[in-house]
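Here's the structure, in structure tokens; my notes come after.
The values are calculated or read from the model by the stated rules, or taken from the named source; none is laboratory data. Every value quoted in this text rests on a predicted model; they were computed, and no experiment measured them. All Cβ positions, glycine included, derive from the backbone under ideal geometry; neighbour counts span all protein chains shown. Areas reflect the complete protein model, heavy atoms only, side chains present, ligands, DNA and RNA absent. Shrake-Rupley method; radii C 1.70, N 1.55, O 1.52, S 1.80 Å.
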Amino acid sequence: MAGSDTSEQTLPQVRMETSEGVIEIRLRPDVAPETVENFLDYVESGFYQGTVFHRVIPGFMIQGGGFDGNLNRKDTSSPVQNEASPTLKNLRGTIAMARTGQPHSATSQFFINVVDNPYLNASDNPQKWGYAVFGKVTEGMGVVDAIARKKTGYSGGMGDVPVDPITIRNITVINNGDASGK
């Protein structure tokens, strides 16, 4: 990104069309460049089409981006470095990378916080990596909240799976963050 201008007009945005409605997200490559590039690579390849929100926990978050409608895990690219920052926190409406217990294990899965989740934040303590926030919902928090209220159960060996699948139909880039408007 040229210069230090991080105004809303120059940050990339995506539109996530789900079976529950549309969610628009502004990404933060100025804070998490590798994470945003990784996410956009998945977006532009069509990877997320037909994936589901497979983990939905009211009062916590909704997670998706890794399983198809039959709860088969999709093949992913290599993991990215954890870019969690103490300055970009897991607040209501932020999107962050899901990962295993290993700090640098995030691939395609992401979650949207439905409440502030301070215990997921990175800290100045090098032993507490946190979960890398890389954007924020700008439209569609009502959709996020509706997804978070869905009835869940056990399926495919996982808990907190929506009884009625919530599908990500498509994610598209609506503003690539290039000030020239390309």
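For beta carbons closer than 8 Å, sequence separation of 6+ or different chains, a first residue in the stretch 37-57 that is part of a helix (DSSP H, G or I) and modelled with pLDDT of 95 or more and a second that is of a type in the set (V, I, T) and exposed (fewer than 15 other Cβ atoms within 10 Å of the Cβ), the qualifying pairs are L40/V173; V43/T172; V43/V173; E44/V173. In contact (Cβ under 8 Å) with a residue 12 or more places away in the chain, surrounded by 14 or more Cβ atoms within 10 Å (Cβ to Cβ) and more than 24 Å from F47 (Cβ to Cβ): is that true of R92 in this structure? The answer is yes for R92. Taken as a whole, the stretch 113-128 holds at least one residue that is in a strand (DSSP E or B) and either in contact (Cβ under 8 Å) with a residue 40 or more places away in the chain or over 24 Å from F67 (Cα atoms) (or both). Can you tell me which residue in the stretch 69-106 is nearest to the chain's Cα centre (by Cα), limited to those that are over 21 Å from V22 (Cβ atoms) and assigned to a strand (DSSP E or B)? Residue satisfying both the conditions and the ranking: M97. Which members of the stretch 74-89 meet the condition of being under 22 Å from E139 (Cβ atoms) and open to solvent by less than 80 Å² (accessible area, probe 1.4 Å)? Once the filter is applied, which keeps residues that are under 22 Å from E139 (Cβ atoms) and open to solvent by less than 80 Å² (accessible area, probe 1.4 Å), the stretch 74-89 yields only L88. Restricting attention to the stretch 137-182, the residues being open to solvent by 70 Å² or more (accessible area, probe 1.4 Å), in a strand (DSSP E or B) and more than 23 Å from R15 (Cα to Cα) number 1.
Tell me yes or no: at least one residue of the stretch 77-87 is charged (D, E, K, R) and closer than 20 Å to Y42 by Cα. So far as the stretch 77-87 goes, yes, one or more of its residues are charged (D, E, K, R) and closer than 20 Å to Y42 by Cα. Summed over the stretch 40-60, the residues that are closer than 21 Å to D164 by Cα, open to solvent by 20 Å² or more (accessible area, probe 1.4 Å) and of a type outside the set (S, T, N, Q) give a count of 6.
Restricting attention to the stretch 9-30, the residues that are open to solvent by 60 Å² or more (accessible area, probe 1.4 Å) and within 21 Å of T51 (Cβ to Cβ) total 3.
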